[in-house]
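Working notes, structure below.
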Amino acid sequence: MDKSRIIVVGGGPAGMFAALQAATGSRKVLLLEKNAMLARKLKITGGGRCNLTNIKDKKEHQRATIHNPKFLYKAFEDLGPKDLIKYFEDRGCEFKLEKEGTVFPKNDDSSEIINILEKDLLDHGVDIWYNHKVERISVKNQKVQGVVLTDDREILGEAVIITTGGASYPQTGSTGDGYIMAKDLGHGIKKIKPGLTSLEIKESWVKTLAGISFAGTTVRVLKMNKLQESGDLLLTHYGISGPPVLKLSSYINEIDLKENPATVEIDFFPEKDEEELNTWFLHHSTGKKNLGSVLTEFWPKKFTEEILVFLKIPKDRKMNELKKKERNKVLGALKGLKLTVVGLRPLKDAIVTAGGVDVKEVNPSTMESKKVSGLYFAGEVLDLDAITGGYNLQIAFSTGFVAGNAAGRNEEQL
């Protein structure tokens, strides 16, 4: 076996781009994938539509990164969102922009992205071995020698790039293998937690309303520096979900919720202030309609019935009999319904993994380990994660690009 080859462990977006960039310099590259196909997680991302990146500039991508954004400065300089889009456009992919700068293939099919990458791998002569799982990295005198497979075969190589992903969606093959390999070589692993996941709520009445959604809400986390996100909210059998909840979860995961439950506040009508809503109530206060039926202008009927029970206000209370204290309770719920967060959904259900290989032990200019020469990391295996909107995939592609270029030591670029 050729010791001069570069070995990439993991065939997700970071691994494929690392292999492509390493092979651009005419290096021999072996891509090892433990599944029977490449990019299983990429295939389902964005509901199968693949939110490839975000059109916002590199600074916005750093701002969208929750953990260790400064580490990504060089990676985004080398391969920013426009560079990534151009790469695929040059190979025939058409894109469309959606809300908040998100970028999707025009045909809403992640397979187009994967097919382009697979073809490019073959065109660059990358050797792909499917159904081959790496057990450990072979190292001698703090220098990479290659990898050892689960069947005890040793594959020699002068550089190894670990792109095994995180530990979310384990059914796609992301089972935390890279953390074990890195830890065995002396790397620190920042605590692994779910990122971009739904929230479990204490209030039982909310869980009886699974499936009800609300457009254009603002969700705030109290006592967390006015942290808030806006978007559509979904009630579930365990609590709440939706884009604003997913984004906030990656900040809430810093809290020990068992010891200190967090409180979120939901503003159902952020475009209206309390004075406007109060005026609306006063305008209807002379009528003989039931409060419950009037509130269906704001909330779905079933939700209205349950929240009035929660607020201890009879749903058949006539508007002209509504007490000021009761009106204030309803106004408070419309503009700031408070719910208690007692947990996050499990890591297996999270979109990304927070935590991972400590980036302080990795060179941000090359993605090479500071502990083992010839060892590189890229993608979700690193302690890097961002909010939703295409930012996490950009991190994977950018870090894979840098690692592959450095490992291949080539001047050419894709």
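Of all the strands (runs of 3 or more DSSP E) wholly in the range 327-414, which have at least 3 residues that are within 22 Å of Tyr238 (Cα to Cα)?
Working: elements: 337-344, 352-357, 375-377.
Where strands (runs of 3 or more DSSP E) fall fully within the range 327-414 and carry at least 3 residues being within 22 Å of Tyr238 (Cα to Cα), they are 337-344, 352-357.
Determine which single condition Asn363 fails, assuming it passes every other condition in (1) polar (S, T, N, Q); (2) touching an Asp or Glu at 6+ places or on another chain (Cβ under 9 Å); (3) assigned by TED's automatic domain parsing to the domain that holds Gly10; (4) more than 15 Å from Ala14 (Cβ to Cβ).
Among (1) polar (S, T, N, Q); (2) touching an Asp or Glu at 6+ places or on another chain (Cβ under 9 Å); (3) assigned by TED's automatic domain parsing to the domain that holds Gly10; (4) more than 15 Å from Ala14 (Cβ to Cβ), the lone unmet condition for Asn363 is (2).
Restricting attention to the range 10-36, which residues are more than 21 Å from Val352 (Cβ to Cβ) and either in contact with a helix residue (DSSP H, G or I) (Cβ under 8 Å, 6 or more places away or on another chain) or assigned to a strand (DSSP E or B) (or both)? Working first, answer last.
As a first pass, look at the range 10-36 and keep what is more than 21 Å from Val352 (Cβ to Cβ): 19-32, 36.
Those that are more than 21 Å from Val352 (Cβ to Cβ) and either in contact with a helix residue (DSSP H, G or I) (Cβ under 8 Å, 6 or more places away or on another chain) or assigned to a strand (DSSP E or B) (or both): Ala19, Leu20, Gln21, Ala22, Ala23, Thr24, Gly25, Arg27, Val29, Leu30, Leu31, Leu32.
Scan the range 99-132 residue by residue and report those that are surrounded by 15 or more Cβ atoms within 10 Å (Cβ to Cβ) and in contact with a strand residue (DSSP E or B) (Cβ under 7 Å, 6 or more places away or on another chain).
Hits for the range 99-132 are Gly101, Thr102, Val103, Phe104, Pro105, Glu112, Ile113, Leu121, Val126, Asp127, Ile128, His132.
Does Ser138 satisfy the condition of being in contact with a Gly (Cβ under 7 Å, 6 or more places away or on another chain), within 22 Å of Thr366 (Cβ to Cβ) and at pLDDT 95 or above? Steps first, please.
On the way: in contact with a Gly (Cβ under 7 Å, 6 or more places away or on another chain): yes; within 22 Å of Thr366 (Cβ to Cβ): yes; at pLDDT 95 or above: yes.
Judged against the criteria, Ser138 is a match.
If I ask for residues that are in a strand (DSSP E or B) and of a type in the set (Gly, Ala, Ser), which ones from the range 191-247 would you list? Can you show your working first?
Kept after step one, since they are in a strand (DSSP E or B), are these residues of the range 191-247: 191-195, 199-201, 213-221, 227-235, 239-241.
Selection gives Gly195, Ser213, Ala215, Gly216, Ser230, Gly231, Gly239, Ser241.
Among Met224, Met181, which is in the same structural domain as Asn253 (by TED's automatic domain parsing), farther than 30 Å from Lys301 by Cα and either in contact (Cβ under 8 Å) with a residue 12 or more places away in the chain or surrounded by 14 or more Cβ atoms within 10 Å (Cβ to Cβ) (or both)?
Of Met224, Met181, the one residue that is in the same structural domain as Asn253 (by TED's automatic domain parsing), farther than 30 Å from Lys301 by Cα and either in contact (Cβ under 8 Å) with a residue 12 or more places away in the chain or surrounded by 14 or more Cβ atoms within 10 Å (Cβ to Cβ) (or both) is Met224.
The values are calculated or read from the model by the stated rules, or taken from the named source; none is laboratory data. Predicted model only: the values in this text are computed from it and were never measured. Positions of Cβ are backbone-derived with ideal geometry, glycine not excepted, and every protein chain shown enters the neighbour counts.
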